[in-house]
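First up is the structure itself, then whatever we jot down about it.
The values are calculated or read from the model by the stated rules, or taken from the named source; none is laboratory data. No experiment lies behind these values; they were computed from the predicted model shown. Because the Cβ atoms are built from the backbone with ideal geometry, glycine has one as well, and the counts that use them run over all protein chains shown. Accessible surface areas use protein heavy atoms only, side chains included; no ligands, DNA or RNA. Shrake-Rupley method; radii C 1.70, N 1.55, O 1.52, S 1.80 Å.
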Amino acid sequence: MTKTQILASAADAVADIPNGATILCGGFGGAGYPRNLIGALASRKVTGLTVVANNAGHEALFRYGGVRKVVCSYPVGPTSKGFLEVLERGEAELELEPQGTLVERIRTQGAGLGGFLTQVGIGTELAENKQKIEIDGKQYLICKPIEAQYALVKAWKADHAGNLVYRHAARNFNAVMASAAPIVIAEVSEIVDGYLDPDYIHTSGAFIDRLVMVNN
Amino acid sequence: MTIGSENALWTMKEIGSRVALDVESDWLVNVGIGMPQVAVEPLNERGVMLHSENGIIGLGPSPSPGNEDPDVIDAGKGFATVVAGGAFIDSATSFSLIRGGRLDLALMGAYEVSVNGDLANWRLAGRKIAGIGGAADLAHGARRVWIITSLFANDGASKLVQQCSHPLTAKGVVKRIYTEQGIFEPDGAAFKVVALAGGVTATELAIRGVPLTD
């Protein structure tokens, strides 16, 4: 028996996420975006959220001013209109990270590490406000893990042990975030009868706390 | 090899074909958003494996109408396909591949490139908000960075400069620049001409502000 709980609705799955929480949100653009879980959070009008995701297209949350801070790599483009508006009004702040640094900060948190060193961004304004260290004559930025209370991910198929398989390029940040928070909630398109083949599982149910089947 | 006609600037299609011919067939190549996309089709035709940083190795051409799949998109979030032999990977693996030296070439657009290979291509000076996406990781991590761009900005200024005025994406990374006017390489002090399009002269480019080697 794994500890994965299978819940009846997205609303049940996010019912305890409090105001002011930091949440990891999977997806790259619309691919793999956990829109049902985010929609359920928006229905509860949870506020003061810090949302960590590759993009900033959390329109359902911006509509009522639910977000205090966005941590992302790409806050512009057609789906970011809502964010740019709240940013302009000074109602939310932005922490911008190169995509690879962003995902590694998430991964190292899940891996129980204290951070990592990278040369990406050295000599550019992306290195501003970051501690630097020299090792063997090379300059590195010190990158700290991103600590969140919840991870919301989207997968394709799950089994009753909470094992997940992502579909195509919807794997993206989902497979990383699924191991990176104390409470991981997955919305999936299908929960199969019985169990998935252990050789083809992308995320073990050992990482998944809550599972909900949704309609897309 | 020569490309294009004798007395005309190169078209985008011709630039894409030339880039594809300069790529070794066994390279893994990331093709950036915007102008570099002209290289996708000719690279696909040569069978070169393409990487998309959102998690695709073996990026194929755009799908035919009716065959779009919302779970198969490229880094620009356009619908894409996957070629035989391709693979889906997660984002951490994708950027490990980039930083770890497995990506042979990143083709990127540019606002400016300096004589020492500095690249500015993510935020225009004076603009508050822009997306960095995977640009800094790609520019730093790829084994080679080649640029596909127009040689001149809309205001007529040369994009090849002594020193970048826009915020940098990475320092000292650009190896070659493909433009409608010709192909150039930064040598630390200026830009070396590799090839010029029909009717273009180094003298004329120098007059228009392109810092070329003598």
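Just add up the charged neighbours of residue A:182: K/R +1, D/E -1, any other residue whose Cβ is under 15 Å from the Cβ of residue A:182.
-1
Measure nothing but the geometry: give the 0 to 90° angle between the long axis through the Cα atoms of B:12-22 and the longest principal axis through the Cα atoms of chain B, rounded to 10°.
Its long axis makes an angle of about 80 degrees.
Once Rh for chain A is found with the Kirkwood sum over Cα pairs, what is the Stokes-Einstein diffusion coefficient at 37 °C and 0.692 mPa s, in µm²/s?
185 µm²/s
Sequence neighbours fewer than 8 away in the same chain don't count; with that in mind, list the aspartates and glutamates whose C-alpha is under 15 Å from residue A:157.
Straight-distance partners of residue A:157: A:187, A:190, A:193, A:197, A:199, B:71.
Stretch residue B:127-residue B:214 to full length: gain in nm at 0.36 nm per residue minus the Cα-Cα span?
That pair, residue B:127 and residue B:214, stretches by 27.8 nm at full extension.
Please turn the phi angles of region B:73-82 into ³J(HN,Hα) values with the Karplus equation 6.51 cos²θ - 1.76 cosθ + 1.60 (θ = phi - 60°), one per residue in order, whole Hz, x for glycine and proline.
The phi angles translate into 10, 8, 5, x, 6, x, 4, 9, 9, 10 Hz.
Taking springs between alpha-carbon atoms closer than 10 angstrom, which of A:137, A:27, A:100 fluctuates most in the Gaussian network model of chain A?
Comparing A:137, A:27, A:100 in the GNM, the peak value goes to A:137.
Can you list, bin by bin at 5 Å, the percent of alpha carbon pairs in region A:1-128, starting at 0?
So the P(r) values, bin by bin, are 2, 10, 18, 21, 19, 15, 9, 4, 2, 0, 0.
When N counts the residues of region B:16-150, how does its alpha-carbon radius of gyration compare numerically with 2.2 N^0.38 Å, as a ratio?
Against the compact-globule rule of thumb, the ratio is 1.02.
Students often get this wrong, so check it: of A:45/A:154; A:81/B:77; A:81/A:144; A:81/B:128; B:13/B:175, which have C-alpha atoms separated by over 18 Å?
Distance filter (> 18 Å) returns A:45/A:154; A:81/A:144; B:13/B:175.
Kindly report the accessible area of region B:12-207 per residue (heavy atoms of protein chains, probe 1.4 Å, no ligands, DNA or RNA), in Å².
Result: 39 Å² of accessible area for each residue.
Which of the peptides B:82-90, B:201-209, A:155-163 is most tightly packed, and how do the rest follow, judged by the mean count of other Cβ atoms within 10 Å per residue?
A:155-163, B:82-90, B:201-209
In peptide A:116-124, what is the residue-averaged number of other protein chain Cβ atoms found within 10 Å of each Cβ?
If you average over the peptide's residues, the count of other-chain Cβ atoms is 6.
To the nearest 100 Å², how much accessible surface do chains A and B hide from each other in total, with a 1.4 Å probe?
Buried surface at the A/B interface: approximately 2800 Å².
Could you tell me what fraction of 2.2 N^0.38 Å the Cα radius of gyration of the protein assembly as shown comes to, as a two-decimal ratio?
Relative to the rule-of-thumb radius for its length, the protein assembly as shown sits at 1.03.
Of the heavy-atom accessible surface of the protein assembly as shown (probe 1.4 angstrom), what whole percent is carbon and sulfur?
Carbon and sulfur: 49 percent of the exposed surface of the protein assembly as shown.
Contour minus end-to-end for residue A:88 and residue A:2, with contour as 0.36 nm per residue of separation and end-to-end as the Cα-Cα distance?
Using 0.36 nm per residue and subtracting the Cα-Cα distance, I get 26.4 nm.
Whole number in Å², please: accessible area per residue of region A:165-216, 1.4 Å probe, ligands, DNA and RNA not counted.
43 Å²
Ranked highest first by the average count of other Cβ atoms within 10 Å around their residues, in what order do A:5-14, A:51-60, B:107-116 fall?
My ranking of the peptides, most packed first, is A:51-60, B:107-116, A:5-14.
Let me check I've understood the local charge: for residue B:150, count other residues with C-beta under 10 angstrom from its C-beta, Lys and Arg +1, Asp and Glu -1. What total comes out?
Neighbour charge sum, excluding residue B:150 itself: 0.
Multiply the residue separation of residue A:134 and residue A:19 by 0.36 nm, subtract the distance between their alpha-carbon atoms, and state the gained length in nm to one decimal.
37.4 nm
Based on the mean of other Cβ atoms within 10 Å per residue, sort peptides B:147-154, A:191-198 so the most packed one is first.
B:147-154, A:191-198
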